[in-house]
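Visitor: Got a structure for you, questions after.
The values are calculated or read from the model by the stated rules, or taken from the named source; none is laboratory data. Small disclaimer: the values here were computed from a predicted structure and weren't measured. Here the Cβ positions follow ideal geometry from the backbone for every residue, glycine too, while neighbour counts run over all protein chains shown. Accessible surface areas use protein heavy atoms only, side chains included; no ligands, DNA or RNA. Shrake-Rupley method; radii C 1.70, N 1.55, O 1.52, S 1.80 Å.
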Amino acid sequence: MDAELRRLSELPMPGGAYIAEYVWIDGAGKLRAKARTLYKKFEVATDFPHWNYDGSSTGQAPGEDSEVILYPHAVYADPFRGSPNVIVMCDQNTPQGTPLPSNSRHDCAKVIEKSMEMGLEPWFGIEQEYFLVDRKTGKPAGFPMHGNPDPQGPYYCGIGANHLFGRDVVDAHYRACLYAGIKISGINAEVAPGQWEFQVGPAIGMEGGDQVWMARFLLERIAEMSGYIVNYDPKPVKGDWNGSGAHTNFSTKPMREEGGFESHIIPALERLGKKHFEHIKAYGTGNEERLTGKHETASMDVFKWGTAD
């Protein structure tokens, strides 16, 4: 950052003012954000004021009725602007209070609330893989302008300038997540050049989804500073290269207790198998290119489960 820009960005905040960056998911499943000035402090996220935006510019409303209302649900310390500024994770609703079709958080929260009332206490651990793509070349970091790098093998959890690319972004993201209050539990280089992973969890209930989305927001903001694009596509590099997923570890309290494997985990897996294809359809587009049975995946056409498989 230019020295003068840095000086201006570090000016003290006057009169108890602080900045709240509101973050939401748009109609294409991408992140958006806008900032506002606040003076009053709030103890919980849902006490933060609602805000609005133009949904016709995010694929979420028609031009003749474009107002969308943001409802805050989770608040994090802002690693970019520093204390006392915050980042607020929101969902999207009509002015009448109806969740938008793209607001899957609303229904998820209902399910989680019911599960907590039943004493299930669901835990989530989410492993988010991604590629850092060089904005100038359009290729993952470490890929030459022409041709391909050395085959997969030395990159996973590797070290060295000939194998690892983008570590400065990854480490900055790790620390930013910890500062923000996200339950990030680790990072590692993945199987292809320029491919990395971060893990969030164990997180209880709605923490899991909210914190993964906020971790993605922080990652994309940090990558923006370094000229990288973050790519989560299932198979961004065709050929003999691994794709990316968001592996989800899940358990309920009965699953974690003694005897839970036989009495709760196996029955849950058997139920999942009965709706496998329905679930696959809900997991987004492009998975047919990744879930082929190759490159450390199972085929999406077959439901499988196993111990350490």
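Visitor: Over 24 Å between Cα atoms: which of 30/235; 30/253; 183/253 fall into that group?
Guide: Pairs exceeding the cut-off: 30/253.
Visitor: Here's something else I'd like to know. Under 16 Å from the Cα of residue 274, which aspartates and glutamates turn up, not counting those fewer than eight places away in the same chain?
Guide: In chain and number order, the partners are 301.
Visitor: Placing unit charges on C-beta atoms (Lys and Arg positive, Asp and Glu negative, everything else neutral), compute the dipole magnitude of the stretch 264-309 about its Cα centre in debye, rounded to 20. Present the calculation step by step, with values, prior to reporting the outcome.
Guide: Working: 7 positive and 7 negative charges, 31 e Å.
I would put it at about 160 debye.
Visitor: Just how large is the dipole of the chain about the Cα centre, in debye to the nearest 20, putting +1 at every Lys and Arg Cβ and -1 at every Asp and Glu Cβ?
Guide: Numbers: 31 positive and 41 negative charges, 65 e Å.
So the magnitude is around 320 debye.
Visitor: In Å², and per residue, what accessible area does the chain have when probed at 1.4 Å with the other protein chains present?
Guide: Heavy-atom SASA per residue in the chain reads 56 Å².
Visitor: Out of (1) 0.98; (2) 1.10; (3) 1.04, which label holds the value of Rg/Rh (Cα atoms, Kirkwood Rh) that was computed here?
Guide: Matching the structure shown: (1).
Visitor: Give the peptides 40-52, 238-250 in descending order of average Cβ contacts within 10 Å, highest first.
Guide: Answer by packing, highest mean first, reads 238-250, 40-52.
Visitor: May I ask you to list the aspartates and glutamates whose Cα is less than 15 Å away from that of residue 136, ignoring any residue fewer than eight positions away on the same chain?
Guide: Candidates past the 8-residue exclusion: 224.
Visitor: Another one. Mind ordering 24-36, 266-278 by average Cβ neighbours within 10 Å, highest first? Please list the in-between numbers first.
Guide: Details: 24-36: 16.0, 266-278: 11.5.
Order by mean packing, descending: 24-36, 266-278.
Visitor: When the helix-only estimate is applied to the chain (DSSP H runs of n ≥ 4, each -39,500 (n - 2.57), divided by the residue count), what is the mean residue ellipticity at 222 nm, nearest 500 deg cm²/dmol? Could the numbers behind the result be given before it?
Guide: Working: 8 runs with 78 residues, N = 309.
Here the helix-only value at 222 nm equals -7500 deg cm²/dmol.
Visitor: Hey, another quick one. Over the chain, what is the relative contact order in whole percent, taking alpha-carbon pairs under 8 Å and six or more residues apart?
Guide: Relative contact order for the chain comes out at 14 percent.
Visitor: Also, I was wondering about something else. Using a/c under 1.5 as the rounded threshold, could you call the stretch 1-137 rounded, prolate or oblate? The axes a ≥ b ≥ c are square roots of the C-alpha gyration tensor eigenvalues, and prolate needs a/b larger than b/c, oblate otherwise.
Guide: rounded
Visitor: Under a GNM of the chain (C-alpha, springs under 10 Å), which listed residue has the highest mean-square fluctuation: 254, 236, 140?
Guide: Ranking 254, 236, 140 by mean-square fluctuation puts 254 first.
Visitor: Once the mean 1/r over all distinct Cα pairs of the stretch 85-147 is inverted, what Kirkwood radius in angstroms do you read off?
Guide: 16.3
Visitor: For the chain, with a Gaussian network of springs between Cα atoms less than 10 Å apart, report the residue from 137, 94, 58 with the top mean-square fluctuation.
Guide: 137
Visitor: Going by a ≥ b ≥ c, the root eigenvalues of the Cα gyration tensor, does the stretch 178-309 fall in the rounded group (a/c under 1.5), the prolate group (a/b larger than b/c) or the oblate group?
Guide: Numbers: a/c = 2.15, a/b = 1.25, b/c = 1.72.
Verdict is oblate for the stretch 178-309.
Visitor: Using DSSP to define loop residues, name the trypsin sites (Lys or Arg not before Pro) in the stretch 113-206 whose beta-carbon has at most 13 other beta-carbon atoms within 10 Å.
Guide: Passing sites in the stretch 113-206 are 135, 136.
Visitor: Let me ask you something else. Of all accessible surface on the stretch 40-90 at a 1.4 Å probe, what whole percent is carbon and sulfur?
Guide: 46
Visitor: Along the charge dipole of the chain, Cβ charges K/R +1 and D/E -1, which of 184, 273, 298 sits furthest on the positive end?
Guide: Checked the options; the winner is 184.
Visitor: Could you check how much of the accessible area of the stretch 123-271 is carbon and sulfur, as a whole percent, using a 1.4 Å probe?
Guide: Here it works out to 54 percent.
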